[in-house]
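This report concerns only the one structure given below.
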Amino acid sequence: MSRECFYITTPIYYVNAVPHIGNAYTTILCDVLARYHRQRSEKVLFATGTDENALKVREVAEAEGVDTRAYVDAMEPRFKEQWQALEIAYDDYIRTVEPRHVRVVQEVFRRLMESGDIYLGSYEGWYCVSDETFFAPSEVTDQTCPNPECRRPLSWVKEDNYFFRLSKYQDRLLEYMESHPGWLRPDYRANEVMAFTRAGLKDQSVSRINNGWGIPVPGDEKHVIYVWFDALLNYLTVAGYLEDEEKFRTVWPPSVQMMGKDIFVRFHCTLWPAMLMALGVELPEMLVGHGFWTVEGEKISKSRGNVVYATELVKELSSLSGAAPELAADAVRYFLLREVPFGADGDFSRSALVTRFNSDLANDLGNLLNRTVAMGHRWCGGVAPEGARPDPALAEAARNAAEEVHSALCDIQFSKALEAIWTLVSNGNRYLEQSAPWNLQKEGKTAELGNVLYNALETARVVAVMVNPFMPACAARMWTQLGLPGTPGDSVWQEAVEFGRLPAGTKLAAPEPIFPRIDTAKMKKPAEAAPAKKEPPVTEERALVTYDEFKRLDIRVAKILSAERIEGATKLLRLTVDAGEEQPRTVVAGIAEHYKPEELPGRSIVLLANLQPAKIRGVESQGMLLAADVDGRAILLQPDAPQDVPAGATVR
Ligand code: MSP
């Protein structure tokens with residue numbers, strides 16, 4: 001890759017949910033590539049961030065009764081905490097509410113209106129708030145989102161909208177795809193994109209009615225810019241587009257843009273390049289769509305209670321193994337990248353993680369490093385022996401591994417790169433078994449013993465250089481145990497992987513297992529373990545409350561007296577309820593998509609009565625209606641025999 005800067009991007013994450021292990025995967029993949037290119041002495045710009053102007057972000061804030069801006073501001077540290085726990089070393093973190101981004105988005109919109117690529121029209125069709133996607137009636141069969149990962153109920157939208165002339169770019173896009181093999185990765189996804197494009201690209205609605213959240217359309221503040229149009233432009237903002245010419249010249253185009261398969265075809269491989277064509281800006285060099293993770297065989301979802309957060313998982317693995325948190329994070333990174341061939345879907349399970357931890361890390365890697373360093377202390381005065389000759393077979397194995405790692409990483413094949421490194425680890429372990437230094441020591445063959453130990457130590461050093469982008473904390477510990485200063489990331493990869501560079505006489509540090517073996521006998525057997533659905537692990541979002549805390553909640557049965565829609569809010573209803581008090585209360589509830597106002601009066605509901613009142617769409621809500629959340633659908637709760645339960649009855 002011959003360019004001035006290796007610019008790599010993650011999608012920017014919707015800010016309404018803390019990233020789970022599935023989203024974290026996208027970021028880990030990018031971090032590994034960024035670290036690898038930095039280690040090769042390239043200039044790197046690794047950007048990630050948050051997508052904050054979405055309608056769904058506003059709806060979540062509203063449902064929580066919080067001001068949207070305050071809500072998004074409060075989420076930033078929670079994202080950064082997850083990334084820190086996973087050792088993500090990004091160079092720029094962009095939030096789409098930042099002025100630098102708002103300026104770029106509005107200017108791009110203005111320019112495209114001027115060039116005629118954006119025009120005012122009117123839209124009638126479906127919208128999925130969860131995916132923030134417009135769907136044509138022909139794409140929808142049962143009023144639910146056609147995205148198989150979503151399937152949530154859709155809203156029917158009829159409003160004046162600005163449109164982007166996507167159809168105009170259909171032929172140019174197809175031509176580009178056909179003449180640039182390898183532009184879209186993995187290859188099989190390119191076929192999907194071409195089929196989608198050939199089926200016909202319709203002009204894309206790029207605005208929504210302004211309900212007080214989002215970037216206003218310049219010159220027409222009744223509309224806000226469609227969140228995907230805004231979000232995709234973050235990649236230009238980060239690169240200094242329109243604002244820092246010199247930076248933009250060195251950084252653009254992105255070398256790799258990484259994302260999950262769900263947002264690959266429609267947004268990143270058609271809309272995004274067409275927007276760039278309209279602006280006359282060069283296209284990214286590579287767009288990469290990875291597979292999806294499930295957890296213990298199930299789709300990751302809050303309502304299933306199976307969401308795994310990085311911070312929790314790292315804590316859990318660290319306490320199970322006794323490894324430091326940063327090493328537990330390394331193990332999680334290793335697992336996610338090694339477990340599935342890149343592009344395929346994967347299933348995360350704790351047992352598979354522990355198996356890899358014990359076999360690949362504690363055993364294979366641990367053996368190579370620890371017994372060699374321990375023997376160095378016992379028999380060679382604790383230093384890398386003098387006068388050794390690099391073993392030709394090991395040197396060749398190291399050369400092969402280096403070539404394979406490099407070509408696998410240029411080809412975005414993470415598991416292949418790790419397999420190549422582990423082949424070298426196995427070669428090192430086999431070399432030790434075959435040369436049996438313990439016998440050489442018994443036989444007094446000191447020179448040969450020194451030779452063998454030097455070669456084994458040197459293999460461990462080369463492995464440390466190669467694992468550094470994947471497992472930076474582990475690589476640093478290996479480096480320290482080998483007595484080397486700094487970390488493997490300080491030296492240039494191409495030179496550091498050359499076999500035979502360990503200086504003779506280097507003083508080894510005390511041998512210490514980096515990944516202490518997990519005693520699986522002490523782990524709960526699946527039969528004893530609580531079923532994942534009923535008792536998911538305690539996460540930040542499911543922290544335990546004390547009985548005293550629970551007692552503070554005033555939960556009661558209430559009766560709905562009247563219900564009406566709130567103007568401009570598709571999800572909200574204003575309810576007047578009898579909660580057994582002198583005066584009825586007003587409650588704002590997010591159930592408008594599933595219940596018609598006329599079917600509600602007379603129904604019993606469950607109400608959290610002592611929630612701090614909050615203004616939602618100008619209406620003060622005096623309490624919160626409790627409902628079951630079934631994949632985003634709110635289903636009302638009511639007593640078994642409602643006629644026997646008076647309004648105001650306590651729920652305990
Ligand atoms: N905000 C948009 C992206 C805008 S980029 C201009 C978005 N955000 S997201 O938070 O929903 O998703 C971010 C990333 O997480 C995507 O790459 C998505 O594919 C990925 N994943 C979400 N769930 C996942 C799994 N279960 N498994 C793997 N990746 C997952 O989309």
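When residue 79 is tested against the conditions (1) surrounded by 19 or more Cβ atoms within 10 Å (Cβ to Cβ); (2) in contact with a helix residue (DSSP H, G or I) (Cβ under 9 Å, 6 or more places away or on another chain), the lone failure is (2).
Among the residues of the stretch 274-299, those that are within 13 Å of the ligand (Cβ to nearest atom), out of contact with any Ser or Thr (no Cβ under 7 Å at 6 or more places or on another chain) and open to solvent by 10 Å² or more (accessible area, probe 1.4 Å) comprise 292, 293, 294, 297, 298, 299.
Can residue 108 be described as more than 19 Å from residue 202 (Cα to Cα), part of a helix (DSSP H, G or I) and touching a Phe, Trp or Tyr at 6+ places or on another chain (Cβ under 7 Å)? Against the criterion (more than 19 Å from residue 202 (Cα to Cα), part of a helix (DSSP H, G or I) and touching a Phe, Trp or Tyr at 6+ places or on another chain (Cβ under 7 Å)), residue 108 does not qualify. Taking the stretch 589-616 as the range and being of a type in the set (Val, Ile, Thr) and under 33 Å from the mean Cα position of the chain (by Cα) as the test, the residues that pass are 591, 616.
Answer yes or no: is there a residue in the stretch 444-455 that is in a loop (DSSP other than H, G, I, E, B) and either open to solvent by 20 Å² or more (accessible area, probe 1.4 Å) or hydroxyl-bearing (Ser, Thr, Tyr) (or both). Spell out the reasoning first.
Just the residues of the stretch 444-455 that are in a loop (DSSP other than H, G, I, E, B), to begin with: 444-445.
Those still in the list that are either open to solvent by 20 Å² or more (accessible area, probe 1.4 Å) or hydroxyl-bearing (Ser, Thr, Tyr) (or both) too: 444-445.
Yes, the conditions are met somewhere in the stretch 444-455.
Listed by first and then second residue, the pairs with beta-carbon distance under 8 Å, at least 6 apart or on different chains, first residue in the stretch 443-456 and closer than 9 Å to residue 380 by Cβ and assigned by TED's automatic domain parsing to the domain that holds residue 394, second in a loop (DSSP other than H, G, I, E, B) and charged (D, E, K, R), are 450/386.
Sub-8 Å Cβ pairs linking a first residue in the stretch 489-508 that is aromatic (Phe, Trp, Tyr) to a second residue that is open to solvent by 70 Å² or more (accessible area, probe 1.4 Å), at least 6 apart or interchain, are 493/41; 499/399, ordered by first then second residue. Taking the conditions exactly as written (open to solvent by less than 10 Å² (accessible area, probe 1.4 Å), within 16 Å of the ligand (Cβ to nearest atom) and of a type outside the set (D, E, K, R)), does residue 60 satisfy them or not? Judged against the criteria, residue 60 is not a match.
Just checking, does the stretch 180-189 include any residue being surrounded by 20 or more Cβ atoms within 10 Å (Cβ to Cβ), among the aliphatic types (A, V, I, L, M) and under 16 Å from residue 134 (Cα atoms)? No: the stretch 180-189 contains no residue that is surrounded by 20 or more Cβ atoms within 10 Å (Cβ to Cβ), among the aliphatic types (A, V, I, L, M) and under 16 Å from residue 134 (Cα atoms).
Screening residue 191 against (1) away from the ligand (no atom under 13 Å from the Cβ); (2) under 19 Å from residue 8 (Cα atoms) leaves a single unmet condition, (2).
Just give me the residues in the stretch 205-223 being within 16 Å of the ligand (Cβ to nearest atom) and surrounded by fewer than 22 Cβ atoms within 10 Å (Cβ to Cβ), in sequence order. Spell out the reasoning first.
Within the stretch 205-223, the first condition is being within 16 Å of the ligand (Cβ to nearest atom), and the residues that meet it are 206, 208, 213-215.
Across the stretch 205-223, the qualifying residue is only 213.
Just a yes or no: is a residue in the stretch 62-78 over 30 Å from residue 145 (Cβ atoms) and either touching a Leu at 6+ places or on another chain (Cβ under 7 Å) or assigned to a strand (DSSP E or B) (or both)? So far as the stretch 62-78 goes, no, none of its residues is over 30 Å from residue 145 (Cβ atoms) and either touching a Leu at 6+ places or on another chain (Cβ under 7 Å) or assigned to a strand (DSSP E or B) (or both).
Residue by residue, here is whether (1) outside the structural domain of residue 453 (by TED's automatic domain parsing); (2) within 20 Å of residue 512 (Cβ to Cβ); (3) surrounded by 19 or more Cβ atoms within 10 Å (Cβ to Cβ); (4) under 24 Å from the mean Cα position of the chain (by Cα) holds:
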{"position": "312", "(1), (2), (3), (4)": "yes, no, yes, yes"}
{"position": "330", "(1), (2), (3), (4)": "yes, yes, yes, yes"}
{"position": "342", "(1), (2), (3), (4)": "yes, no, yes, yes"}
{"position": "355", "(1), (2), (3), (4)": "no, no, no, yes"}
{"position": "362", "(1), (2), (3), (4)": "no, yes, yes, no"}
{"position": "365", "(1), (2), (3), (4)": "no, yes, yes, no"}
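I'd like to know if the stretch 260-268 contains one or more residues that are within 15 Å of the ligand (Cβ to nearest atom) and outside the structural domain of residue 233 (by TED's automatic domain parsing). So far as the stretch 260-268 goes, no, none of its residues is within 15 Å of the ligand (Cβ to nearest atom) and outside the structural domain of residue 233 (by TED's automatic domain parsing). Within the stretch 126-162, the set of residues being surrounded by fewer than 20 Cβ atoms within 10 Å (Cβ to Cβ) and touching a helix residue (DSSP H, G or I) at 6+ places or on another chain (Cβ under 6 Å) comprises 146, 149.
Could you please let me know if residue 315 is among the basic types (Lys, Arg) and within 30 Å of residue 477 (Cβ to Cβ)? Lay out the reasoning, then the answer.
On the way: among the basic types (Lys, Arg): yes; within 30 Å of residue 477 (Cβ to Cβ): yes.
Here the answer is yes, as residue 315 does meet what is asked.
For the stretch 33-57, a residue qualifies if it is of a type in the set (Gly, Ala, Ser), buried (at least 20 other Cβ atoms within 10 Å of the Cβ) and within 29 Å of residue 471 (Cβ to Cβ), and the qualifying residues are 34, 47, 49.
Return a yes/no flag: does the stretch 12-32 have any residue that is away from the ligand (no atom under 13 Å from the Cβ), modelled with pLDDT of 95 or more, open to solvent by less than 10 Å² (accessible area, probe 1.4 Å) and in a helix (DSSP H, G or I). Yes, the stretch 12-32 has at least one match.
Yes/no per residue for (1) among the charged types (D, E, K, R); (2) surrounded by fewer than 20 Cβ atoms within 10 Å (Cβ to Cβ); (3) within 21 Å of residue 500 (Cα to Cα); (4) touching a His at 6+ places or on another chain (Cβ under 9 Å):
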position	(1), (2), (3), (4)
390	no, yes, yes, no
397	no, no, yes, no
411	yes, yes, no, no
414	no, no, no, no
430	yes, yes, yes, no
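For the stretch 572-584, check the following and say yes or no: at least one residue is without any contact (Cβ under 8 Å) to a residue 12 or more places away in the chain and open to solvent by 40 Å² or more (accessible area, probe 1.4 Å). Checked against the condition, which is being without any contact (Cβ under 8 Å) to a residue 12 or more places away in the chain and open to solvent by 40 Å² or more (accessible area, probe 1.4 Å), the stretch 572-584 yields at least one hit.
Inspection of the stretch 122-140 finds a residue satisfying the criterion of being touching a residue at least 40 places away in the same chain (Cβ under 8 Å), β-branched (Val, Ile, Thr) and within 16 Å of the ligand (Cβ to nearest atom). Of the numbered conditions (1) of a type in the set (Val, Ile, Thr); (2) within 13 Å of the ligand (Cβ to nearest atom); (3) closer than 16 Å to residue 9 by Cα, residue 250 fails exactly one; give the number of that condition. For residue 250, the failing item is (2).
Scanning the stretch 397-440 for residues that are more than 17 Å from residue 468 (Cα to Cα), without any contact (Cβ under 8 Å) to a residue 12 or more places away in the chain and either polar (S, T, N, Q) or not assigned by TED's automatic domain parsing to the domain that holds residue 469 (or both) gives 434, 439.
Taken across the stretch 77-92, residues that are closer than 18 Å to residue 232 by Cβ, touching a Ser or Thr at 6+ places or on another chain (Cβ under 9 Å) and assigned by TED's automatic domain parsing to the domain that holds residue 150 do occur, with at least one present. Filtering 64, 42, 4, 81 for residues that are touching a strand residue (DSSP E or B) at 6+ places or on another chain (Cβ under 9 Å), at pLDDT below 95 and either on the phi > 0 side of the Ramachandran plot or acidic (Asp, Glu) (or both) leaves a single hit, 64. Just a yes or no: is a residue in the stretch 641-649 free of Cβ contacts under 8 Å to residues at least 24 places away in the same chain and open to solvent by 60 Å² or more (accessible area, probe 1.4 Å)? Yes, the stretch 641-649 contains a residue that is free of Cβ contacts under 8 Å to residues at least 24 places away in the same chain and open to solvent by 60 Å² or more (accessible area, probe 1.4 Å).
The values are calculated or read from the model by the stated rules, or taken from the named source; none is laboratory data. This is a predicted model, so every value here is computed, not measured. With ideal geometry, Cβ positions are generated from the backbone for all residues, glycine too; neighbour counts draw on all protein chains shown. When the accessible area is computed, the model is the full protein with side chains, heavy atoms only, and any ligands, DNA or RNA have been set aside. Shrake-Rupley method; radii C 1.70, N 1.55, O 1.52, S 1.80 Å.
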